[in-house]
Amino acid sequence: MTRTDELRDVPGGRRRTVLISGASIAGPALAFWLHRYGFAVTVVEKAGTLREGGYPIDVRGTALDVVRRMGILPRLRDAHIDLRRLTFLGEDGTEVASIAPHAVTGGVAGADLEVRRGALADALHSAVRDDVEFLFGDSIDTLDQHRHGVDVTFRRGGSRTFDLVVGADGLHSHTRGLVFGAEERFHRYLGYCFAGFTLPNTFGLVRETTMWNAPGRAAALYAVGGEDDVHGFLTFARPQPPLDAFRNPEVQRSLVAGVFADAEWEVPGMMAAMRTADDLFFDVVSQIRMPRWVDGRVALVGDAAYAPSFLTGQGSSLALVGAYMLAGSLAVERDHTAAFAAYERDSRAFVTLNQDLVGTGDALLFPATARALEERNALLRGLAATPPAVEGRPAHAALALPEFTPTAALSSDRTDV
């Protein structure tokens with residue numbers, strides 16, 4: 001008999017219900033562990049389907065232990081991109097240095113994983129899709145917390161009551177806005193904007209990234225394999241975030257085109273591809289820093305609570321670890337208040353340590369001044385002549401995953417949870 005069966009058999013009781021908003025990384029990972037611990041889980045996702053493809057993401061350190069315990073590590077190994085070279089170019093297009101990617105990322109060759117975001121999302125969804133309820137093409141409209149649960153109304157109509165609600169809906173979390181207030185209260189802008197899109201691989205790139213730099217500007221072509229397309233990334237420094245561009249693709253294209261109008265190398269061709277790209281993604285480089293991740297019966301996990309920015313390369317890893325820690329805390333604590341407190345207490349130091357990695361990543365990849373760029377290039381030439389470190393950055397594996405033993409009383413009648 002499984003733990004779920006045992007919970008169904010509790011006289012007069014029922015399984016605790018949890019609504020998760022977001023079906024990308026943190027949401028399905030949390031759903032997996034909550035289901036394993038006997039919760040009844042519903043995941044709501046505003047997109048109509050699971051999002052495929054997407055830019056490459058990393059799974060490192062403690063997060064590798066999470067996916068190993070989930071049983072999806074072999075599948076992710078098969079999807080591993082295995083980036084083999086990172087080449088930096090000067091403003092005139094000449095090569096500055098060509099190095100092993102791990103020398104910059106702080107990862108561990110042969111251990112860390114790099115996969116398309118869609119590959120990780122699909123692996124997580126496949127691991128749990130038959131066990132939990134997924135509501136695609138819908139989202140939370142309102143939340144009303146009370147003593148016995150959370151009343152939720154949905155955008156497509158209907159309402160339900162859950163014991164707990166978790167926002168796993170990303171950097172611009174709607175759940176966070178409903179419960180904790182405006183994003184501006186927690187948003188830490190890091191001084192850069194970026195645009196990403198795909199374009200034809202006419203460059204002969206295979207499992208490598210080539211990055212062009214000028215002061216305050218960078219353009220990169222990222223080839224995940226010998227495929228017909230490559231990922232294009234354009235990043236630039238800007239003192240204040242361009243608020244008028246967030247919801248207007250044409251304003252985004254005009255802004256980026258203006259910044260890179262005089263750029264050399266392959267940038268003019270990238271500009272032409274960006275103008276017609278149907279997968280343009282534009283955003284600011286930023287973090288979410290919150291004094292607390294919970295409010296009553298609502299909690300946040302992943303980017304919604306503590307987005308570290310792509311400068312750290314730790315967004316997906318923090319989402320996986322945070323989901324594991326939140327689910328485990330709810331499993332061992334009968335009272336959700338105590339569980340949420342344990343989740344924050346046991347996870348925050350790891351999160352903060354990884355968010356603080358941004359202090360080194362930005363200076364290396366995107367120098368904003370000519371002097372900083374010269375210093376960066378000198379550092380890269382030194383790295384090219386030095387074998388990469390065998391060990392990764394300590395922050396990546398700073399948390400040893402605990403073993404959670406669920407309590408016997410996980411059921412609820414919604415009168416005292």
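Counting only helices (runs of 4 or more DSSP H) that fall entirely inside the stretch 18-104 and contain at least 2 residues that are buried (at least 20 other Cβ atoms within 10 Å of the Cβ) and within 15 Å of the chain's Cα centre (by Cα), the qualifying elements are 26-36, 62-70.
Within the span defined as the stretch 355-367, one or more residues are β-branched (Val, Ile, Thr) and either at positive phi or open to solvent by 20 Å² or more (accessible area, probe 1.4 Å) (or both).
Ala195 meets all of the listed conditions (1) out of contact with any strand residue (DSSP E or B) (no Cβ under 8 Å at 6 or more places or on another chain); (2) hydrophobic (A, V, I, L, M, F, W, C); (3) surrounded by 15 or more Cβ atoms within 10 Å (Cβ to Cβ) but one, namely (1).
Among the residues of the stretch 272-298, those that are open to solvent by less than 10 Å² (accessible area, probe 1.4 Å) and closer than 18 Å to Met211 by Cα comprise Met274, Val285. The one condition from (1) touching a residue at least 40 places away in the same chain (Cβ under 8 Å); (2) more than 20 Å from the chain's Cα centre (by Cα); (3) over 27 Å from Arg116 (Cβ atoms) that Leu243 does not meet is (1). Contact map, the stretch 176-192: residues that are more than 11 Å from Ala304 (Cβ to Cβ) paired with residues that are open to solvent by 20 Å² or more (accessible area, probe 1.4 Å), Cβ distance under 6 Å, separation 6+ or inter-chain. Pairs shown: Leu178/Leu143; Arg188/Arg289; Tyr189/Pro241; Gly191/Ala237; Tyr192/Ala237. With respect to (1) closer than 30 Å to Asn213 by Cα; (2) surrounded by fewer than 21 Cβ atoms within 10 Å (Cβ to Cβ); (3) in contact with a helix residue (DSSP H, G or I) (Cβ under 7 Å, 6 or more places away or on another chain); (4) at pLDDT 95 or above, the lone exception for Ala109 is condition (4). Could you tell me whether the stretch 221-238 includes any residue that is in a helix (DSSP H, G or I), closer than 20 Å to Phe310 by Cβ and among the polar types (S, T, N, Q)? No; the residues of the stretch 221-238 include none that is in a helix (DSSP H, G or I), closer than 20 Å to Phe310 by Cβ and among the polar types (S, T, N, Q).
Scanning the stretch 135-175 for residues being open to solvent by less than 30 Å² (accessible area, probe 1.4 Å) and more than 30 Å from Gln314 (Cα to Cα) gives a total of 6.
The values are calculated or read from the model by the stated rules, or taken from the named source; none is laboratory data. Since the structure is predicted, the reported quantities are computational estimates derived from the model, not experimental observations. All Cβ positions, glycine included, derive from the backbone under ideal geometry; neighbour counts span all protein chains shown. Heads up: the accessible areas ignore ligands, DNA and RNA and are worked out on the full protein's heavy atoms, side chains in. Shrake-Rupley method; radii C 1.70, N 1.55, O 1.52, S 1.80 Å.
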